[in-house]
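J.: Please find one structure pasted underneath; my questions will follow.
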Amino acid sequence: MLRVVTKPFRSRLAGILTAVLLQAMLTAAEPPIPEDDKTLRRPVDLVRHARWIIAANHLEGSVSVIDTTRHTFLSETKLGSRIRSLAAVKNTNILLAVDEAEHRLIPCTVVQGHVSSFKPAETAHTPIDVVVDQRGKLASVSCLWARQVQLFDLRVTNPAVFPVLAATIDLPFNPGIQWIAPDNLHLVVADHHGGYLALIDLRTRQLLRIYQLGVHNIRGMALSPDGKHLMLTHQLLNDLAATERQRVFWGTVLENLVRAIPLKDLFSVDAAAPPQQIVKIAHWLQYPLGEPGNAAGDPSEILITRDKEIFICFSGTSQLGHEANLFHSLERHETGRRPIALAASEDHSRIYIANYFDDSISVFDRSKNRIVDTISLGAMRPETTADQGHAFFFNSRLSLDGWYSCHSCHPDGHTNGFLNENMSDFQIDSPKRVLTLLGTRQTGPWAWTGNKPDLKNQINKSIHVTMQGGNSKLANENTEQALVAYLETLQPAVPLAVARKFESSASVSRGKELFESRSCHECHQPPTFTSAGKYDVGIHDEYGITEFNPPSLLGISQRDQFFHDNRARSLEEVLLKFNHPHTGRLNIPRLSAEESRDLIQYLQTL
């Protein structure tokens, strides 16, 4: 049959072909991006300055600038090695960045969307968060492995700014995110792994109080819409709930929450009580995030707009949630992989979301109630197997309904320090302490009873039993291999002696001699300071198990509770109260208090 083509159709067809050919020519004319120019930026923090949104690129050590009037990428500036956090000084063009690898606070200015840096100030080991007071006169930097907060006076000499170290405050935990109260007098510092809060007086620059919440993964802090509460996003692990399917489904194993602590309780400090005394906060409001069948794993940054709507990153499920009233379920929108930071436009009509694993910024239009754009920060190189494992580690879709990820119990690969009943010893009602994964490549066999000689098998068990994620499309051999590759990149935690630059002393030498003379090295064999065997150390679990595989002592100074059930609350208790390593097979006399101090001094160097 003869098909007749009309003239108008021929014209349209010619136009389409011309457009296709033109696009092909333009595409062919564009030079390919050299492989050397491709990287993984990993945006980890966002701040706004005037019309610009600035992203901290964690792995690239740079900052990228987005023009909010056009939703376009404008510039990128290399600042260091690992940029972890940004803070903008109010009513100025000054920006502060911290480099966790080079241990620096970097002052910058933003002019017409381009960032210029000035001479950095040295910080303590591993700075991971920076905040600035309302007056723009003081910056606070939390330093993870040094377990310190450092306060810097900001001296501005237009156009430069010079941070000058004013105070260093030691903490009994690894500090993470910080929040300065509206009164400009109080600084709250959150535990990066567990559930402590430190309250610091910015006038006297002294530690006032340590609070204990019994939670972990505090990743967001903001003033409540009523101005009367500090709101925290965090997780809560139930050590009495075994990781059985029904308990995971109902959210009884691990909850994702927002907690609102009354400021009047937080700031009510008994001047007579010692600041190191740990106090439990008695009053708060608690809002669950997610529900059975639709969980909200790993909540992170929280942002509250001028009109009091609340936005929260659900980092584990790769979603943005928002609602004016947290007693209601939050409306959700799909984002890029692992949304981790938020910033609002000048008029708060749009919310910008940093997608860590996609090297992109999503734009949420509040009037349209949807994500209207996603802005690339640059060409990404192909991900290695370890890169893929890194993303899986933070993906709560590996668990049933998205309740929690590997990161949930092992924050950034470390440990939340709590007990978990994941049935690793094939029993219920005998929870064991969550072990650190930092340096895990060298610490096999795995599990407290040492019943997993292969890391891949341990990961398989974690996905299928601990996370009940067997029905997830991600639960496959490729995922397990990728997680193995990622975990093998993790190095042990930095020893406290290194992080605080303690000089070696006679006490350390005596401690090392004690370590050897008391046969500690038989179970904790250098250089990994562990061994493949199981040993009776004079304690037992609820089922009478007395032999355990010894955890590595590398990075032990960055842990706070010890033994399989956390019965020891300090290294002093391990050595003195529980007389470790005295066992039935070793007739070793008790340590004196002085010998205990020497041995701990040595352990802090490992």
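The values are calculated or read from the model by the stated rules, or taken from the named source; none is laboratory data. Values in this document were obtained by computation on a predicted structure and should not be read as measured data. Methodologically, a virtual Cβ is constructed for each residue, glycine included, from the backbone with ideal geometry; neighbour enumeration extends over all protein chains shown.
J.: How many residues are touching a Ser or Thr at 6+ places or on another chain (Cβ under 9 Å), over 30 Å from Q148 (Cβ atoms) and not β-branched (V, I, T) if we restrict to the stretch 463-487?
T.: 9
J.: Which one is surrounded by the fewest Cβ atoms within 10 Å (Cβ to Cβ), of the residues in the stretch 139-162 that are within 25 Å of G194 (Cα to Cα) and hydrophobic (A, V, I, L, M, F, W, C)? Step through it out loud before you land on a result.
T.: Pass one, the stretch 139-162, residues within 25 Å of G194 (Cα to Cα): 139-151.
From what is left, the residues that are hydrophobic (A, V, I, L, M, F, W, C) are 139, 141, 143-146, 149, 151.
Values: A139: 25, V141: 29, C143: 25, L144: 25, W145: 23, A146: 25, V149: 25, L151: 20.
Among those residues, the one meeting the criterion is L151.
J.: Now for a different question. Among the listed residues D307, D347, identify the single one that is free of Cβ contacts under 8 Å to residues at least 12 places away in the same chain and part of a loop (DSSP other than H, G, I, E, B). Even if it seems obvious, please write down each step before you answer.
T.: On the way: D307 fails: free of Cβ contacts under 8 Å to residues at least 12 places away in the same chain.
Within the list D307, D347, the selection yields D347.
J.: I'd like to check something: does the stretch 511-518 contain any residue that is in contact (Cβ under 8 Å) with a residue 24 or more places away in the chain, outside any helix (DSSP H, G or I) and either under 27 Å from L599 (Cβ atoms) or in the same structural domain as L571 (by TED's automatic domain parsing) (or both)?
T.: Yes, because at least one residue in the stretch 511-518 is in contact (Cβ under 8 Å) with a residue 24 or more places away in the chain, outside any helix (DSSP H, G or I) and either under 27 Å from L599 (Cβ atoms) or in the same structural domain as L571 (by TED's automatic domain parsing) (or both).
J.: Let me spell it out: the conditions are (1) in contact (Cβ under 8 Å) with a residue 40 or more places away in the chain; (2) under 20 Å from D45 (Cα atoms), and Q277 meets all of them except one. Which number is the exception?
T.: (2)
J.: A follow-up question, please. For the list (1) at negative phi; (2) modelled with pLDDT of 95 or more, I need the number of the one condition that N217 fails.
T.: (1)
J.: Please indicate, with yes or no, whether at least one residue in the stretch 121-133 is of a type in the set (S, T, N, Q), out of contact with any helix residue (DSSP H, G or I) (no Cβ under 9 Å at 6 or more places or on another chain) and crowded, with 16+ Cβ neighbours inside 10 Å. Give the steps one after another, and end with the answer.
T.: Looking only at the stretch 121-133, we keep the residues that are of a type in the set (S, T, N, Q), and these are 123, 126.
Retained after the next criterion (residues that are out of contact with any helix residue (DSSP H, G or I) (no Cβ under 9 Å at 6 or more places or on another chain)): 123.
Next cut, crowded, with 16+ Cβ neighbours inside 10 Å only: 123.
Checked the stretch 121-133: at least one residue is of a type in the set (S, T, N, Q), out of contact with any helix residue (DSSP H, G or I) (no Cβ under 9 Å at 6 or more places or on another chain) and crowded, with 16+ Cβ neighbours inside 10 Å.
J.: Anything in the stretch 154-194 that is more than 20 Å from L208 (Cβ to Cβ), part of a strand (DSSP E or B) and touching a residue at least 12 places away in the same chain (Cβ under 8 Å)? List them, or say none.
T.: L154, V156, A160, V161, F162, P163, V164, L165
J.: Looking at the stretch 76-106, which of its residues are of a type in the set (G, A, S), surrounded by fewer than 17 Cβ atoms within 10 Å (Cβ to Cβ) and touching a residue at least 24 places away in the same chain (Cβ under 8 Å)? Spell out the reasoning first.
T.: So the first thing to find is which residues in the stretch 76-106 are of a type in the set (G, A, S), and the list is 80-81, 85, 87-88, 97, 101.
Next, only the ones that are surrounded by fewer than 17 Cβ atoms within 10 Å (Cβ to Cβ) stay: 81, 101.
Within the stretch 76-106, just A101 meets the criteria.
J.: Test G533 against the criterion of being in contact with a helix residue (DSSP H, G or I) (Cβ under 9 Å, 6 or more places away or on another chain), free of Cβ contacts under 8 Å to residues at least 24 places away in the same chain and in a loop (DSSP other than H, G, I, E, B), and give yes or no. Spell out the reasoning first.
T.: Numbers: in contact with a helix residue (DSSP H, G or I) (Cβ under 9 Å, 6 or more places away or on another chain): yes; free of Cβ contacts under 8 Å to residues at least 24 places away in the same chain: no; in a loop (DSSP other than H, G, I, E, B): yes.
So G533 does not fit the description; no.
J.: Is it fair to say L165 is assigned by TED's automatic domain parsing to the domain that holds I94, touching a Leu at 6+ places or on another chain (Cβ under 9 Å) and surrounded by 15 or more Cβ atoms within 10 Å (Cβ to Cβ)?
T.: So L165 passes the test.
J.: State whether one or more residues within the stretch 440-460 are of a type in the set (V, I, T), assigned to a loop (DSSP other than H, G, I, E, B), at pLDDT below 90 and at negative phi. Lay out the reasoning, then the answer.
T.: First, pick out the residues of the stretch 440-460 that are of a type in the set (V, I, T): 440, 443, 449, 459.
With assigned to a loop (DSSP other than H, G, I, E, B) added as a condition, the list becomes 443, 449.
Applying the additional criterion that residues be at pLDDT below 90 yields 443, 449.
Keeping just the survivors that are at negative phi gives 443, 449.
Scanning the stretch 440-460 turns up at least one residue that is of a type in the set (V, I, T), assigned to a loop (DSSP other than H, G, I, E, B), at pLDDT below 90 and at negative phi.
J.: Give the stretch 289-304 a look and list any residue that's under 18 Å from A190 (Cα atoms) and either without any contact (Cβ under 8 Å) to a residue 60 or more places away in the chain or assigned to a loop (DSSP other than H, G, I, E, B) (or both), or say none.
T.: Applying the first criterion (under 18 Å from A190 (Cα atoms)) to the stretch 289-304 yields 298-303.
Passing the criteria: only D298.
J.: Sort out which residues of the stretch 461-477 are more than 25 Å from the chain's Cα centre (by Cα) and assigned to a helix (DSSP H, G or I), and write them in order of number.
T.: First, the residues of the stretch 461-477 that are more than 25 Å from the chain's Cα centre (by Cα): 470-471, 473, 476-477.
Matches in the stretch 461-477: E477 only.
J.: Of the residues that sit in the stretch 85-144 and are among the acidic types (D, E) and over 17 Å from S62 (Cβ atoms), which one is nearest to the chain's Cα centre (by Cα)? If you could, list the steps in order and put the result at the bottom.
T.: Pass one, the stretch 85-144, residues among the acidic types (D, E): 99-100, 102, 122, 129, 133.
Next cut, over 17 Å from S62 (Cβ atoms) only: 122, 129, 133.
Numbers: E122: 23, D129: 11, D133: 23 Å.
Checked the stretch 85-144; the qualifying residue nearest to the chain's Cα centre (by Cα) is D129.
J.: Quick check on my filter: what residues within the stretch 536-558 are assigned to a helix (DSSP H, G or I) and of a type in the set (V, I, T)?
T.: I556
J.: Which numbered condition in (1) farther than 30 Å from W52 by Cα; (2) of a type in the set (D, E, K, R); (3) not in a loop (DSSP other than H, G, I, E, B) is the only one that D429 fails?
T.: (3)
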